[in-house]
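One structure is given below, encoded as structure tokens.
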Protein chains: 2
Amino acid sequence: MEITLRQIRAFLAIVQLRSFTRAAAMLHLSQPALTVQIRNLEAALGVRLLDRDNRAVEVTRVGLELVPVLQRTIGDLDAALVDLREIGAGRRGTVRVAALPSFAASLLPEVIVTCRRANPALAFVVRDAIASQVVAMVRSEDVDLGITGGVVADAELDVLHETTDQLCLVFQEAHPIGRKRRIGLRDLVDLPLVLTNPGTSVRDVIDAALMTIGRTPTVACEVTYMMSAVAMVRAGLGVTVLPRSARETRVERGIRARAIDDPAFARPVVLVKKKGRTLPPASLAFRDACIAAMRRALRS
Amino acid sequence: MEITLRQIRAFLAIVQLRSFTRAAAMLHLSQPALTVQIRNLEAALGVRLLDRDNRAVEVTRVGLELVPVLQRTIGDLDAALVDLREIGAGRRGTVRVAALPSFAASLLPEVIVTCRRANPALAFVVRDAIASQVVAMVRSEDVDLGITGGVVADAELDVLHETTDQLCLVFQEAHPIGRKRRIGLRDLVDLPLVLTNPGTSVRDVIDAALMTIGRTPTVACEVTYMMSAVAMVRAGLGVTVLPRSARETRVERGIRARAIDDPAFARPVVLVKKKGRTLPPASLAFRDACIAAMRRALRS
DNA sequence: GATCTCCATAAAGCCGCTCTATCGCGGCGA
DNA sequence: TCGCCGCGATAGAGCGGCTTTATGGAGATC
């Protein structure tokens, strides 16, 4: 016969209450059930644990040695399982997400605040990186979720949500282009551009868009961070193109941002996870909040 | 649904082997049984623990957190239960015994040596004390077994074995009484006696025996320890009466011991335990060895 | 494209647990 | 001293769940 948790719990209850009858009541069992449980436990262990007669229950010396061990063990186990249920309910746990810097600085903060308001015990790990690294981190399971741009055609990834991020031309307030009614692809030709490095998702979109009309961008300056690009623009070095979601298009003084009215200037944005992996419960709520925020921020 | 040890063991086996099929083989179960076990465990916890598809099993991030906790807990539990089985088999544990000093110095050493030869991991606690204290320690369960003299008529004690210890007259080699063919009760009258204190079992026997012929002992000296009594005898202070089992009657030079040929000079010896209490397994073997030794040493 | 592997599912059978009913025994009150 | 009460043990019936066999389906391999 194998030992079961039920038997152990029964034993501990009887030791605590010094009575089969009372322990049975506490465990919502009949008294004969407990008798059988203890009999089976003793048989399985080959040791008498309780000396019982018609009026009293006493713990054997051997049983007494076992009690603290069992109490500690069962206590640890129960504590771990309670913790786990918390995690399972999404009330605790860590959300790991990789995102392009533009999203890490715009979309994510509000989503995280929303989630933490609902479940203050949640922890978040945000890895901001360029598109290829975001995909790599999702694939290697360093993170559970990834928010990245471009078209993801990876058999190892699931696309949970897909939307587009309109690109904006960012220029000095005084720049003549601000007077045009609409800004199109051809307006960018020959305009000195401050661009992010090749390989970033925005740069890829721009290069591809200009390629469709047989042109290449006129690069005034290449920078790594959008923040730097904006500073260049403000200094009068040229204009730049940034995603509408980017925080930099909103908070900077002396510059303006206008959507580029061309379907090619919409950057795909996807929320991805690794195919075949279950999201931790905490990440489920985060995912939903992300999708909601993406709808709100990028479609409006 | 309640969590069971079987489910936990199944989970750990699958995690270890990364395969339901192989884990099933290891646990001597069919593979569907494991599938159901894991399904029930996950349902009970409300968390997905294993990501499994048609070719691979991966532990969920949540499951991975649980693994070390479960391993430690189950390991502790199993270790405790293995220990307990050792104790149950009488291979480990502590034997607690109270005994009159005469037995603690004569009978017990050989019994303990015998037991330890069979099970070297056994530990022994010997409390040597006078009869009333031996009984008290058994009643209060300070010890599991007691070896004492006199008649025990205590409803709270079980007599496991009963025998008698012949009393001997101990005298100087040159003492005239050594020339008698047999030594009887009346030979003790008027003989200066070195006696142990009133209340000890041997003294009680002597007093009671002389009382039957209306006499009281002629006390040359009262001592506490038998060893002292023997020393007094050797110094020529008188003769003394010691149980035949006592070590002192054998090892001392210059003195002799002769049985007293009178039924009153047989001290009852009993092996007792507390009624209603189960002896620890280790004590069972000890009890049997004691009984065997008592037969050998006292009846022969 | 056939086969093999591996996990999931379905249905049946069996084992064990629990429950109700009852007994036995010791304590306690009248 | 007798009878009641309390408590644990036992017996037998019923039910639930676990396990097993058989089978399905999807992906990998050759």
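The values are calculated or read from the model by the stated rules, or taken from the named source; none is laboratory data. Just so we're clear, the structure is a prediction, and the values are computed from it rather than from any experiment. Every residue, glycine as well, gets a Cβ built from its backbone with ideal geometry; the counts of neighbours run over all protein chains shown.
Can you tell me which residue is farthest from the other protein chains (Cβ to nearest Cβ) among those in the range A:47-58 that are outside any loop (DSSP other than H, G, I, E, B) and charged (D, E, K, R)? So that I can check it myself, show each step before the final result.
Going through the range A:47-58, the residues outside any loop (DSSP other than H, G, I, E, B) turn out to be A:50-52, A:57-58.
If we keep only those that are charged (D, E, K, R) as well, we get A:51-52, A:58.
Working: A:D51: 5, A:R52: 9, A:E58: 7 Å.
Residue satisfying both the conditions and the ranking: A:R52.
Identify all residues within the range B:163-176 that are touching a residue at least 24 places away in the same chain (Cβ under 8 Å) and more than 16 Å from B:M232 (Cβ to Cβ); write none if there are none.
We begin by selecting, within the range B:163-176, every residue touching a residue at least 24 places away in the same chain (Cβ under 8 Å); these are B:163-173, B:175.
Answer for the range B:163-176, where residues must be touching a residue at least 24 places away in the same chain (Cβ under 8 Å) and more than 16 Å from B:M232 (Cβ to Cβ): B:T163, B:T164, B:D165, B:Q166, B:L167.
When the range B:131-149 is examined, which residues are found to be surrounded by fewer than 18 Cβ atoms within 10 Å (Cβ to Cβ), in a loop (DSSP other than H, G, I, E, B) and in contact with a strand residue (DSSP E or B) (Cβ under 8 Å, 6 or more places away or on another chain)? B:E141, B:D142, listed by residue number.
Looking at the range A:215-235, is at least one residue in a strand (DSSP E or B) and of a type in the set (G, A, S)? It would help to see each step written out before you state the result.
Filtering the range A:215-235 down to residues in a strand (DSSP E or B) leaves A:219-223.
Those still in the list that are of a type in the set (G, A, S) too: A:220.
Among the residues of the range A:215-235, at least one is in a strand (DSSP E or B) and of a type in the set (G, A, S), which makes the answer yes.
For the range B:59-79, a residue qualifies if it is outside any helix (DSSP H, G or I) and within 7 Å of another protein chain (Cβ to nearest Cβ), and exactly one does: B:T60.
Cβ-Cβ contacts under 9 Å between residues 6 or more apart (or on different chains), taken from a first residue in the range B:8-20 that is assigned by TED's automatic domain parsing to the domain that holds B:V47 to a second residue that is away from DNA strand D (no atom under 15 Å from the Cβ) and among the small types (G, A, S), are listed as B:F11/B:G63; B:V15/B:G63.
Checking each residue in the range A:58-84 for being surrounded by fewer than 15 Cβ atoms within 10 Å (Cβ to Cβ) and free of Cβ contacts under 8 Å to residues at least 24 places away in the same chain picks out A:L64, A:P68, A:R72, A:G75, A:D78, A:A79, A:V82.
Quick check on this structure: which one of B:A43, B:A25, B:A79 is within 25 Å of A:D144 (Cβ to Cβ), more than 8 Å from DNA strand C (Cβ to nearest atom) and not assigned by TED's automatic domain parsing to the domain that holds B:A121?
Values: B:A25 fails: within 25 Å of A:D144 (Cβ to Cβ); B:A79 fails: within 25 Å of A:D144 (Cβ to Cβ).
Result of the check over B:A43, B:A25, B:A79: B:A43.
The set of residues in the range B:1-46 that are within 44 Å of the chain's Cα centre (by Cα), assigned to a helix (DSSP H, G or I), within 9 Å of DNA strand D (Cβ to nearest atom) and not polar (S, T, N, Q) comprises B:R6, B:A10. Could you please find all residues in the range A:192-202 being surrounded by 19 or more Cβ atoms within 10 Å (Cβ to Cβ) and at pLDDT 85 or above? Correct list: A:L193, A:V194, A:L195, A:T196.
Of all residues in the range B:138-155, those satisfying the criterion of being away from chain A (no Cβ under 14 Å) and out of contact with any helix residue (DSSP H, G or I) (no Cβ under 7 Å at 6 or more places or on another chain) are B:V151, B:A153. Does A:R55 fit the bill of being surrounded by fewer than 16 Cβ atoms within 10 Å (Cβ to Cβ), within 12 Å of DNA strand D (Cβ to nearest atom), at pLDDT 90 or above and more than 35 Å from the chain's Cα centre (by Cα)? In short, no.
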